[in-house]
Amino acid sequence: MSPTRLIVFGRQGAGKGTQCLRLAAHYGIPHISTGDMLREAVAEGTELGLQAKVLMDAGDLVPDDVMEGIVIERLAKPDAQPGWLLDGFPRTLGQVEAMLRHLGEGFVDLAVNLDVPVEVVTERMVARGRADDTEEGIRRRLELYEEQTAPLLSWFRAKDLLVEVDGVGTEDEVFERLVKVVDAALEA
Ligand code: ADP
């Protein structure tokens, strides 16, 4: 099988984590979530975890150079050679540039934007009540997403690497939509 390298974008609360897990299982590739990796580091109390915790609690981003190190190392592991699904990275233009620098042009097969409107994701996040889901944290993360991550969509769209999927619906409905769109794009 040819490698499948996918990047999934979506506002916080878009259900991205759940759909990414299912997609990765479906395509038989590792689900690489930078949020999960950072939360693990926090739980283990590593140096990275201590540094990341303060930023995550405030809804701020971990610096690009730190993220670059973590992700490039992860993508070099054997299980990621047949492909991977990145969830939560890249989040800034600097992180896209880091991928280009390390992996070269053509570093990804497809980027997917799981689209759920701001009002809907805000409601969902308030309801789930994760530790960093304070009102201020949510506002700050959505703001950062619009400022820093939304422009990446244009970057991938300009390279004809972006597909959009409506993320409103039941978990199964959205998953079916995702697979259909991804399959069609990968075959094209
Ligand atoms: P959410 O989608 O709710 O923001 P994530 O699990 O993707 O959740 O990320 C949680 C936090 O981890 C982010 O708010 C940010 O502080 C940090 N983080 C995750 N990925 C990155 C990244 N690529 N660059 C910088 N910070 C990141």
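Among the residues of the range 135-155, are any crowded, with 18+ Cβ neighbours inside 10 Å, touching a residue at least 40 places away in the same chain (Cβ under 8 Å), more than 12 Å from the ligand (Cβ to nearest atom) and under 27 Å from ASP65 (Cβ atoms)?
No, there is no match, as no residue in the range 135-155 is crowded, with 18+ Cβ neighbours inside 10 Å, touching a residue at least 40 places away in the same chain (Cβ under 8 Å), more than 12 Å from the ligand (Cβ to nearest atom) and under 27 Å from ASP65 (Cβ atoms).
Based on this model, can you work out whether ARG130 counts as open to solvent by 70 Å² or more (accessible area, probe 1.4 Å), away from the ligand (no atom under 13 Å from the Cβ) and either farther than 30 Å from ALA58 by Cβ or not in a helix (DSSP H, G or I) (or both)?
So ARG130 does not fit the description; no.
Quickly run through the range 16-33 and pick out the residues that are under 24 Å from GLN148 (Cβ atoms) and crowded, with 21+ Cβ neighbours inside 10 Å.
Matches in the range 16-33: LYS16, GLN19, CYS20, LEU23, ILE32, SER33.
Would you confirm, using the coordinates I've provided, whether LEU85 is crowded, with 19+ Cβ neighbours inside 10 Å and in contact with a Cys (Cβ under 8 Å, 6 or more places away or on another chain)?
On the way: crowded, with 19+ Cβ neighbours inside 10 Å: yes; in contact with a Cys (Cβ under 8 Å, 6 or more places away or on another chain): yes.
When the stated conditions are applied, LEU85 passes them.
Return the residues of the range 36-67 that are among the small types (Gly, Ala, Ser) and at pLDDT 95 or above; say none if nothing qualifies. I'd like the intermediate steps shown before the answer.
So the first thing to find is which residues in the range 36-67 are among the small types (Gly, Ala, Ser), and the list is 41, 43, 45, 49, 52, 58-59.
Matches in the range 36-67: ALA41, ALA43, GLY45, GLY49, ALA52.
Under 8 Å by Cβ, and 6 or more places apart or on different chains, what pairs join a residue from the range 160-188 that is closer than 15 Å to VAL116 by Cβ with one that is open to solvent by 40 Å² or more (accessible area, probe 1.4 Å) and of a type in the set (S, T, N, Q)?
Filtered contacts from the range 160-188: GLU171/THR18.
Would you check which residues across the range 21-57 are under 15 Å from the mean Cα position of the chain (by Cα) and not in a helix (DSSP H, G or I) and list them?
Of everything in the range 21-57, those that are under 15 Å from the mean Cα position of the chain (by Cα) and not in a helix (DSSP H, G or I) turn out to be ILE29, PRO30, HIS31, ILE32, SER33.
How many residues does the range 156-182 contain that are outside any loop (DSSP other than H, G, I, E, B), open to solvent by less than 20 Å² (accessible area, probe 1.4 Å) and not β-branched (Val, Ile, Thr)?
2
Which condition number does PHE107 fail, the rest of (1) open to solvent by less than 50 Å² (accessible area, probe 1.4 Å); (2) at negative phi; (3) in a loop (DSSP other than H, G, I, E, B); (4) within 12 Å of the ligand (Cβ to nearest atom) being met?
Only one criterion in (1) open to solvent by less than 50 Å² (accessible area, probe 1.4 Å); (2) at negative phi; (3) in a loop (DSSP other than H, G, I, E, B); (4) within 12 Å of the ligand (Cβ to nearest atom) is unmet by PHE107, namely (4).
Are any of the residues in the range 66-77 open to solvent by less than 30 Å² (accessible area, probe 1.4 Å) and in contact with a strand residue (DSSP E or B) (Cβ under 9 Å, 6 or more places away or on another chain)?
Yes, some residue in the range 66-77 is open to solvent by less than 30 Å² (accessible area, probe 1.4 Å) and in contact with a strand residue (DSSP E or B) (Cβ under 9 Å, 6 or more places away or on another chain).
Is it true that PRO90 is touching a helix residue (DSSP H, G or I) at 6+ places or on another chain (Cβ under 6 Å), closer than 26 Å to ASP160 by Cβ, modelled with pLDDT of 95 or more and more than 15 Å from the ligand (Cβ to nearest atom)?
Considered against the rule, which asks whether it is touching a helix residue (DSSP H, G or I) at 6+ places or on another chain (Cβ under 6 Å), closer than 26 Å to ASP160 by Cβ, modelled with pLDDT of 95 or more and more than 15 Å from the ligand (Cβ to nearest atom), PRO90 comes out as no.
For the range 54-72, enumerate the residues that are more than 7 Å from the ligand (Cβ to nearest atom) and within 21 Å of ARG139 (Cβ to Cβ).
Hits for the range 54-72 are VAL54, ASP57, ALA58.
Quick check on ARG101: is it away from the ligand (no atom under 15 Å from the Cβ), within 30 Å of ALA52 (Cα to Cα) and of a type outside the set (A, V, I, L, M, F, W, C)?
Working: away from the ligand (no atom under 15 Å from the Cβ): yes; within 30 Å of ALA52 (Cα to Cα): yes; of a type outside the set (A, V, I, L, M, F, W, C): yes.
Answer is yes for this residue.
The values are calculated or read from the model by the stated rules, or taken from the named source; none is laboratory data. Please read these numbers as outputs of a predicted model, since none were measured by experiment. Don't worry about glycine lacking a Cβ; one is built from the backbone with ideal geometry, like all the others, and counts go over all protein chains shown. These accessible areas exclude ligands, DNA and RNA; they are computed on the full protein's heavy atoms, side chains included. Shrake-Rupley method; radii C 1.70, N 1.55, O 1.52, S 1.80 Å.
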